[in-house]
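Before any comments, here is the structure.
Rule-based calculations on the coordinates, nothing more; no lab input. This is a predicted model, so every value here is computed, not measured. In this analysis, Cβ positions are derived from the backbone assuming ideal geometry, glycine residues included, and neighbour counts consider all displayed protein chains.
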Amino acid sequence: MSLAFIESRPLTDILVELLHTSDDNTAEMLVKEIGFVAGEGGTRPAGLAVVRETLAGWGVSLEGVELQDGSGLSRLNRTTCESLAALLAATPVADDLRDLLPVAGRDGTLAMQLLGTEAEGRLQAKTGTLTGVKALTGTQPGADRRDVDFSLVLNGDGVDSPDFYVPIWEELIELISDYPIIVEPETTRFAPR
């Protein structure tokens, strides 16, 4: 006999909410659910073990990566731009993950970011913010309309201030917007004389 039954929202809805609002509680609970469903129990260590095993199985380099929690709030967490970008570029869930990310100038943590730039309405990315840390990992079409996956993690005093990170983000967006950069050699310089 059941006393109560609650049906969860679809996982994609939960992930959109998590990615758009940087919901640390949901992230932490998902890690525990992963451990419960696919690991040794509904604990943080069990979930993180499944995450590590899955990422390694997908070929994501875990060199320099240290996972301590699901929320990303632990100061003991470590990741690399290489591993973050690989999630969007080279995993079986890459296309689905890109579709769930906030869009610059439109929604989520990017709703008021990069307005009036080439990224507005085009860049899809996840932000990351702690005191002394600012990250942006996502994708944006280049000049040839092919998506360019990227990851930028800034560390140090004051990097989480918009005065510091916004100009860097804007330079990154400009670089991606011009990609690929085609260098036309000046052939006349090399012609016989």
- Task: Subtract the Cα-Cα distance of D69 and R9 from 0.36 nm times their separation in residues, and report this length gain in nm to one decimal.
- Result: 19.3 nm
- Note on the structure: So the angle from the long Cα axis of helix 44-57 to the longest Cα principal axis of the chain, reported in degrees to the nearest 10, equals 40
- Note on the structure: GNM of the chain, Cα pairs under 10 angstrom: of S74, S61, S22, the biggest fluctuation goes to S74
- Item | Sparse-neighbourhood loop sites, trypsin sites (Lys or Arg not before Pro) in region 117-160 - DSSP loop, at most 14 other Cβ within 10 angstrom | R145, R146
- Item | Potential extension, A143-E171 segment - 0.36 nm per residue separation minus Cα distance | 8.6 nm
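What's the local net charge at E66, with K and R +1, D and E -1, over the other residues with C-beta under 12 Å away?
Around E66, the charge tally is +1.
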- Note on the structure: Expressed to two decimals, the chain has a Cα Rg over Rh, using the Kirkwood radius, of 1.07
- The relative contact order of region 1-159, taking Cα pairs under 8 Å that sit 6 or more residues apart, comes to a percentage of 16
- Message: Using Cα springs under 10 Å in a Gaussian network model of the chain, which residue among G128, G64, G142 shows the largest mean-square fluctuation?
- Response: G64
- State the answer as a single residue: which of Y179, V159, T117 lies farthest towards the positive end of the charge dipole of region 117-193, with beta carbon charges of +1 for Lys and Arg and -1 for Asp and Glu, about the Cα centre. Y179
- Query: About its Cα centre, what dipole magnitude does the chain give when the only charges are +1 on Lys and Arg Cβ and -1 on Asp and Glu Cβ, stated in debye to the nearest 20?
  - Reply: 260
- Query: Considering amide H positions built from the backbone, and no H for Pro or chain starts, which residues 5 or more places from V159, or on another chain, come under 5 Å of its amide H?
  - Reply: G132
- Rank G41, T91, T54 by how far each Cα sits towards the positive end of the charge dipole of region 40-97 (+1 on Lys, Arg Cβ; -1 on Asp, Glu Cβ) and give me just the farthest. G41
- Message: How charged is the neighbourhood of A46? Take every other residue with its Cβ under 14 Å from the Cβ of A46, and add Lys/Arg as +1 and Asp/Glu as -1.
- Response: -2
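Among all stretches of the chain without exposed chymotrypsin sites (Phe, Trp or Tyr not before Pro) (DSSP loop, at most 16 other Cβ atoms within 10 Å), which one is longest?
That gives 59-193 as the longest site-free run.
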- Calculated FRET efficiency for the pair D157/D99, C-beta based, R₀ 22 Å, to 0.05: 0.05
- Message: With n ≥ 4 as the cut-off for DSSP H runs, can you work out [θ] at 222 nm for the chain, using -39500 (n - 2.57) per run divided by the number of residues, rounded to the nearest 500?
- Response: -11500 deg cm²/dmol
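With r as the distance between the Cβ atoms of R106 and A38 and R0 = 41 Å, compute the FRET efficiency 1/(1 + (r/R0)^6) and round to 0.05.
0.75
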- Task: Report the GluC sites (Glu not before Pro) located in region 153-192 that are in a DSSP loop and have at most 13 other Cβ atoms inside 10 Å of their Cβ, or state none.
- Result: E186
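Give a quick list of GluC sites (Glu not before Pro) in region 38-145 that DSSP marks as loop, anything other than H, G, I, E or B, with at most 10 other Cβ atoms within 10 Å.
Sites meeting the loop and neighbour criteria: E63.
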- For the chain, set up a Gaussian network in which alpha carbons nearer than 10 Å are linked by springs, and say which option among G41, G105, G72 fluctuates the most. G41
